[in-house]
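Read-outs: derived from the displayed coordinates by stated rules, not from any lab. Since the structure is predicted, the reported quantities are computational estimates derived from the model, not experimental observations. Using ideal geometry, Cβ is built from the backbone for each residue, glycine included, and neighbour counts are taken over all protein chains shown.
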Amino acid sequence: MFLCILRNQPTQMKKISLLIISILTLTASYAQKDKLIDGTIGTIGSKLILHSEVEAQLLQAEQEGFDLGENARCLVYEEIMFQSLLMYQADVDSVIVSPEQVNGELSNRIRYFENQIGGRKKLEEYYGKSIEEIKVEFYKTIEDRMKAERMRGKITATINITPSDVKKYYNGLNRDSIPLVGSKVEVAHITKSPKVSDAVKLETKKKLEGWRKEIISGERTFSTTAVLYSNDPGSRGNGGEFEWVTRGTFVPEFDRIAFKIKEGEVSQVFETDYGFHILELYERRGDQYRGRHILLIPKISDSEIAKSKVFLDSVKTLIDNGVYTFEEAAKKFSDDKETRYNGGLIYNQQSASSMFEMNQLDKQIFLIIDDLKQGQYSNSILSESKDGKFYQMVKLKTITKPHKANLKEDYQFILQNATNAAKSDAIKNWVKNKSKSTYIKIHPDYAGCEFVRDWIK
């Protein structure tokens with residue numbers, strides 16, 4: 001699905017756009033389960049808007065905790081109108097998505113819902129259908145949504161915001177409407193991860209090799225072993241199973257084995273950065289495959305964890321005594337490959353800069369810097385990631401005070417706003433032009449809505 005942010009649109013409109021992104025598009029089943037009275041309440045070209053569709057979106061909004069206000073029904077209705085127009089025009093323009101792309105997206109969304117509801121079996125029980133039947137039922141819906149997303153991309157593809165455009169946008173804002181930017185911080189860290197001994201690695205590998213032999217001989221089942229012992233939380237509940245993935249989704253070592261073994265074969269034990277695996281390949285199709293696996297992560301001893309603290313404490317002493325700056329120490333000693341060569345500076349993927357809003361920070365880092373002043377660094381603190389426990393020392397490099405956005409300190413923020421505004425204008429103009437040549441029928445119950453976009457009724 002897609003997000004449409006309109007300049008100067010009500011906050012509720014932004015919320016409904018975000019809501020529609022978050023929904024899996026299995027709304028028809030919601031409607032059926034609640035036994036809603038269905039009927040056509042609008043037409044966009046050849047696309048019909050159903051009463052159940054609106055009700056399902058409103059129900060999902062309530063369940064997701066979105067407060068769309070008194071105008072909720074109109075907001076949802078218009079967003080469905082917009083999506084329907086995109087889908088209709090995608091058909092007119094012969095926009096195509098491949099079956100592999102649709103199946104990949106379906107698998108991702110099914111996997112998301114499995115995680116939300118507590119596993120594959122519970123999802124199948126909820127819908128009263130197998131996963132394959134669910135996929136067949138919603139294939140066309142997902143295909144239409146993907147086409148619509150591509151259509152929307154075509155509308156805004158030519159937008160290119162220059163620095164002068166950003167400046168013009170900012171200068172055109174009403175002074176009172178310039179957004180207030182909260183405190184932002186820039187942080188760096190030095191990490192030390194405990195090492196797994198060769199003996200523990202060998203023990204883990206041998207344990208998995210033993211299980212493999214028992215699985216092949218029929219003494220134990222793959223699925224039960226995965227449920228009981230696999231260290232992969234994403235697949236463990238499904239007996240180690242994962243649906244269709246494209247080459248590059250998993251780490252290269254995993255892909256290499258998946259494209260080396262035969263369908264139905266259980267691989268030898270192999271190692272990745274995550275630990276040791278065995279993989280059973282179900283099926284391979286082009287650059288995609290599906291199967292199941294068991295992951296065993298070697299356990300790190302308390303003594304190795306303690307060694308990491310001792311090491312990082314010694315690094316702090318070197319920094320305290322002026323032997324190294326924090327940035328030099330990060331380059332020389334940190335285990336974080338992504339930040340070590342940048343002086344330990346942590347990059348914010350959301351803002352494409354090194355500055356973080358407080359709510360964007362990792363919670364562990366937030367707590368560490370809470371008592372620090374600009375330029376100070378912490379002691380060695382025990383932390384945890386998906387890869388296990390590690391120690392880190394964090395420096396608060398920069399902290400800004402809350403202020404009104406300005407071009408010097410908040411260029412990326414203003415650039416994003418200017419880009420969104422340009423895209424919104426392009427979409428608004430596109431809707432206005434296309435609605436002149438597209439059959440549009442709005443139900444009388446919604447004729448009084450104050451729509452954000454210019455629809456020709």
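For the chain, what is the charge dipole size about the Cα centre, in debye to the nearest 20, if Lys and Arg each add +1 at the Cβ and Asp and Glu each add -1 at the Cβ?
860
Where does the chain land at 222 nm, in deg cm²/dmol rounded to the nearest 500, when only DSSP H runs of n ≥ 4 count, each adding -39500 (n - 2.57), divided by all residues? It would help to have the intermediate numbers written out before the result.
Numbers: 16 runs with 216 residues, N = 457.
About -15000 deg cm²/dmol.
Bins of 5 Å, beginning at zero and ending with the bin holding the largest distance: percent of Cα pairs per bin for the range 198-296, please.
2, 14, 26, 27, 20, 8, 2, 0
When we measure straight from the Cα of K206, which lysines land under 17 angstrom away, once same-chain ones fewer than 8 places off are left out?
Leaving aside lysines fewer than 8 places away in the same chain, those within reach of K206 are K299.
Could you pull out every residue, at least 5 positions away or on a different chain, whose amide H is within less than 5 Å of the one on E265? Hs are placed 1.01 Å off N in the peptide plane, and Pro or chain starts have none.
So E265 has HN proximity to L281.
Just to check I understand the Karplus step: with θ = phi - 60° and J = 6.51 cos²θ - 1.76 cosθ + 1.60, what whole-Hz values come out for the range 308-316, glycine and proline as x?
Listing the rounded values in order: 5, 5, 4, 4, 5, 4, 5, 5, 4 Hz.
Assuming R0 = 25 Å, what is the FRET efficiency of I159 and L59, from their Cβ-Cβ distance, to the nearest 0.05?
0.10
State the three equivalent ellipsoid semi-axes of the range 213-264, derived from the C-alpha gyration tensor as the square roots of 5 times its eigenvalues, in descending order and whole Å.
For the range 213-264, the ellipsoid semi-axes come out as 21, 15, 9 Å.
Given contacts defined as C-alpha pairs under 8 Å and at least six residues apart, what's the relative contact order of the chain, whole-number percent? Can you show the working numbers first?
Working: 641 pairs, mean separation 93.1, N = 457.
Relative contact order, the chain: 20 percent.
Rg/Rh for the chain: what does it come to with C-alpha atoms and Rh from Kirkwood?
That ratio is 1.02, to two decimals.
Evaluate the charge dipole of the range 198-296 about its Cα centre and quote only its size in Debye, nearest 20, assuming +1 on the Cβ of each Lys and Arg and -1 on the Cβ of each Asp and Glu.
It comes to approximately 120 debye.
Could you tell me which residue out of S380, H277, I161 lies farthest along the dipole of the chain toward its positive end? Charges go on the beta carbon: Lys and Arg +1, Asp and Glu -1, centred on the Cα centre.
Farthest towards the positive end: I161.
Given H placed on each backbone N at 1.01 Å, which residues far from G291 in sequence or on other chains put an amide H within less than 5 Å of it?
Distant-sequence amide H within range of G291: F242, Y282.
Going highest first, how would you order 169-180, 127-138 by mean Cβ packing within 10 Å?
Peptide ranking by packing, descending: 127-138, 169-180.
Rounded to the nearest Å, what's the spacing between the alpha carbon centres of the range 218-252 and the range 392-406? Just the number, please.
42
Determine, for each peptide in 293-300, 419-426, the mean count of other beta carbons within 10 angstrom over its residues, then list the peptides with the highest first.
Result, highest mean first: 293-300, 419-426.
Within 10 Å of each residue's Cβ, count the other Cβ atoms and sort E214, E55 from fewest upward.
Taking fewest neighbouring Cβ atoms as first place, the list is E214, E55.
Testing the spin-label approximation: label points 7 Å from Cα along Cα→Cβ at K332 and E219. State their distance in nm.
Going by the 7 Å Cα→Cβ label model, 5.3 nm.
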